[in-house]
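Chemist: Take this structure, written in structure tokens, and hold onto it; I'll ask about it next.
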Amino acid sequence: MVISMSSTIERVRTGIPGLDDLIYGGIPKRNIVLLSGGPGTGKTIFSQQYLFYGLQHNEPGVLVALEEHPVQIKRNMATFGWDIKKYEDDGMFAIVDAFTGGYGESVKREKYVVRSVDDMAELIDVVKQAIKDTKAERVAIDSVSTLYLTKPAMARSTLMQLKRVLSGLGATAVLVSQVSVIERGFGGPGVEHAVDGIIRLDLDEVNGELIRSLIVWKMRGTRHDLHRRPFDITDKGIVVYPNKIVKSRGELRITESASIIGGEENE
């Protein structure tokens, strides 16, 4: 498949096979992308795969952990062959622990700890320091929904605060957003307007089988594919099938066209 890419747009490749074909070669640099989906759709794997690919290509990264212990994150990443210890030792990668509140013996080894997740100023200060220390070009926050779960009216303003910090420091970021299985939105009122891009992951039961699919809902600064595409989670991470279409959230159809790009640039 051949796609044309504008030489004037600096892009960040996701490292997820098949996905960059849907967005003309990668996410426009400094874009803040909301990765939205229900439970079990692969959001965490997606964000970690994005970071690890960057590390392999000399692009430092920061993972902000809001819903999982840093030790468990490292174990889970290792199951896909994503060993981050070397990059941590080299100062290229850091986990911001916003989950434990600093409690427990293991977290004493963590350099970046947020004591109160309800303190947005503290969270931003710690994240900024981690980005500056590592010179991070990629950031993933898993998940931003935790920050406004009990106060959904704050969703848009919370994302705008994060966006100003992340893009201001030159990072291209993936923000994981939780939604319910049946929810059609993206994780909070107005969040679709606060971010530069939205990728929606879904897991649907069709005839007794679970089908994984994604769609690029929005991506500022580039044209993008407008079809729902199937993907799998393999032992090496997520693989997207850009030459297949999921119709009616379950019916699979293989396209015959040489090029699948069909979107217009988003303002």
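Chemist: Kindly provide the set of residues from segment 188-227 that are in a loop (DSSP other than H, G, I, E, B), at negative phi and of a type outside the set (Val, Ile, Thr), ordered by number. So that I can check it myself, show each step before the final result.
Modeler: First pass over segment 188-227, keeping only residues in a loop (DSSP other than H, G, I, E, B): 188-190, 195-196, 207-208, 221-227.
Keeping just the survivors that are at negative phi gives 189, 195-196, 222-227.
Once the filter is applied, which keeps residues that are in a loop (DSSP other than H, G, I, E, B), at negative phi and of a type outside the set (Val, Ile, Thr), segment 188-227 yields Pro189, Asp196, Arg223, His224, Asp225, Leu226, His227.
Chemist: Could you list, ordered by first residue, the pairs with Cβ atoms under 6 Å in which the first is in segment 11-25 and buried (at least 20 other Cβ atoms within 10 Å of the Cβ) and the second is at pLDDT below 95 and hydrophobic (A, V, I, L, M, F, W, C), at least 6 apart or interchain?
Modeler: Partner pairs satisfying both residue conditions: Tyr24/Ile3; Tyr24/Met5.
Chemist: Continuing with the same structure: Inside segment 102-119, can you point out the residues that are modelled with pLDDT under 90 and either of a type in the set (Val, Ile, Thr) or touching a strand residue (DSSP E or B) at 6+ places or on another chain (Cβ under 8 Å) (or both)?
Modeler: Answer for segment 102-119, where residues must be modelled with pLDDT under 90 and either of a type in the set (Val, Ile, Thr) or touching a strand residue (DSSP E or B) at 6+ places or on another chain (Cβ under 8 Å) (or both): Gly102, Val107, Glu110, Val117.
Chemist: Among the strands (runs of 3 or more DSSP E) confined wholly to segment 10-122, which include 3 or more residues that are closer than 24 Å to Val239 by Cα and not aromatic (Phe, Trp, Tyr)?
Modeler: Those strands (runs of 3 or more DSSP E) span 32-37, 61-65.
Chemist: Then there's this: Leu55: in contact with a strand residue (DSSP E or B) (Cβ under 7 Å, 6 or more places away or on another chain), within 24 Å of Arg212 (Cβ to Cβ) and buried (at least 16 other Cβ atoms within 10 Å of the Cβ), yes or no?
Modeler: So Leu55 fails the test.
Chemist: While we're on this one: Would you call Thr146 out of contact with any Pro (no Cβ under 6 Å at 6 or more places or on another chain), β-branched (Val, Ile, Thr) and in a loop (DSSP other than H, G, I, E, B)?
Modeler: It is false that Thr146 is out of contact with any Pro (no Cβ under 6 Å at 6 or more places or on another chain), β-branched (Val, Ile, Thr) and in a loop (DSSP other than H, G, I, E, B).
Chemist: Let me ask you something else. Looking only at segment 228-259, count every residue that is at pLDDT below 95, more than 12 Å from Leu19 (Cα to Cα) and either touching a helix residue (DSSP H, G or I) at 6+ places or on another chain (Cβ under 8 Å) or part of a loop (DSSP other than H, G, I, E, B) (or both) and tell me the total.
Modeler: 8
The values are calculated or read from the model by the stated rules, or taken from the named source; none is laboratory data. From a predicted model like this one, the values you see are computed outputs, not experimental measurements. Cβ coordinates were reconstructed from backbone atoms using ideal geometry, including for glycine residues, and neighbour counts include every protein chain displayed.
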